[in-house]
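Nothing in this text is a laboratory measurement; each read-out follows from the coordinates by a stated rule. These figures come from a predicted structure and were not determined experimentally. Cβ sites come from the backbone with ideal geometry, for glycine too, and all protein chains shown count toward neighbours.
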Amino acid sequence: MRGKFIVFEGIDGSGKTTQLKLLGDRLKERGLPVLHTREPGGTRVGETIREILLNPDYSELVPRAEAFLYAAARAQHVAQVIMPSLAAGTIVLCDRFLDSSLAYQGFGRGIDISLLEKINEPATYGLVPDLTVILDFCAEDGMDRISSSGRGIDRIEREARDFHAKVAAGYLALAGRDPARYRVVDANRQARQVHLDVMKAVEVVLNEIASGNSRT
Ligand code: TYD
């Protein structure tokens, strides 16, 4: 049976990494086959593209080139990792996917959403997540978290707070277009509380596996 494709989205500093780990641990405890992966990255080629995208030295990168690089990394990721894993029955937990491009390059940079969808159609091979969890988090607090984390700040994180606020609002707009496929979770709370809401959304998808049903 085909696996499930669960994506986490949210602004930088929204706690995606923590939530993905908590969810992955829970699913593994239940003996389910889980693959944890991320965009941009998840493959050797994708991780190399990621280095260009996040390196602050490449400040000359224009929005369209940025969008194509994210899409190129995605094409490699979908073909090499995600589709074969789903075909093998694995639950794929992915840190970001297409909606990151729509939120960051679209709502953030101002590229037309329909142009981004055109670029990404071949890059995703038409693959649509079974569930996208959006961690809704205050953009100001996200940037504060990143600045106080003590690690280097990448090219995207260097953008102004206003950019990240547009991205956060963009995610909510995207969720509003197709509420059945998205679950918006208030991430301005303790990680354990956020996790409980994430589990509620994921249980629906897991029940489909248990009953052998699929929406795809
Ligand atoms: P992420 O892995 O969340 O960063 P970190 O390792 O610092 O937590 O994502 C990398 C950055 O790339 C993040 O700022 C969001 C951005 N991004 C886009 O702008 N478009 C995209 O399509 C994707 C996948 C990510």
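Sort His195, His36, His77 so that the residue with the fewest other Cβ atoms within 10 Å of its own Cβ comes first and the one with the most comes last.
Numbers: His195 20, His36 17, His77 26.
Exposure proxy ranking, most exposed first: His36, His195, His77.
Sites listed here are chymotrypsin sites (Phe, Trp or Tyr not before Pro) in the range 90-131 whose DSSP assignment is loop and whose Cβ has at most 12 other Cβ atoms within 10 Å: Tyr125.
Highest mean first, what order results for 16-26, 48-58, 161-171 on Cβ atoms within 10 Å? Mind dumping the intermediate values first?
On the way: 16-26: 17.2, 48-58: 14.9, 161-171: 19.5.
Averaged packing, sorted descending, gives the order 161-171, 16-26, 48-58.
Take every DSSP beta bridge whose two residues both sit in the chain; close to 0 percent of them are antiparallel.
Here the Karplus curve 6.51 cos²θ - 1.76 cosθ + 1.60, taken at θ = phi - 60°, turns the phi angles of the range 84-89 into couplings of x, 5, 5, 5, 7, x Hz, with x standing for Gly and Pro. Residues whose amide H falls under 5 Å from that of Ile91, counting only those 5 or more places apart or on a different chain, are Lys4, Val34, Leu35, with hydrogens built in the peptide plane. In order along the range 100-110, the phi-based Karplus estimate (6.51 cos²θ - 1.76 cosθ + 1.60, θ = phi - 60°) of 3J(HN,Hα) comes to 5, 5, 5, 6, 7, 6, x, 5, x, 7, x Hz; Gly and Pro are listed as x.
Backbone amide hydrogens, once placed in the peptide plane, bring Gly10 within less than 5 Å of Leu135, excluding anything fewer than 5 places away on its chain. Only lysine pairs 8 or more places apart or on separate chains count here, and in the chain those with Cα atoms under 23 Å apart total 10.
Would you work out the Kirkwood radius for the chain? I mean one over the mean of 1/r across all pairs of different Cα atoms, in Å. Could the numbers behind the result be given before it?
Numbers: mean 1/r = 0.0570 Å⁻¹.
Result for the chain, one decimal place: 17.5 Å.
Using θ = phi - 60° in the Karplus curve 6.51 cos²θ - 1.76 cosθ + 1.60, the 3J(HN,Hα) couplings for the range 114-122 round to 5, 5, 5, 5, 5, 4, 8, 4, x Hz; x is entered for Gly and Pro. Summing charges over neighbours of Lys118, with a neighbour being any other residue whose Cβ is under 15 Å away from its Cβ, gives -1 when K and R count +1 and D and E count -1.
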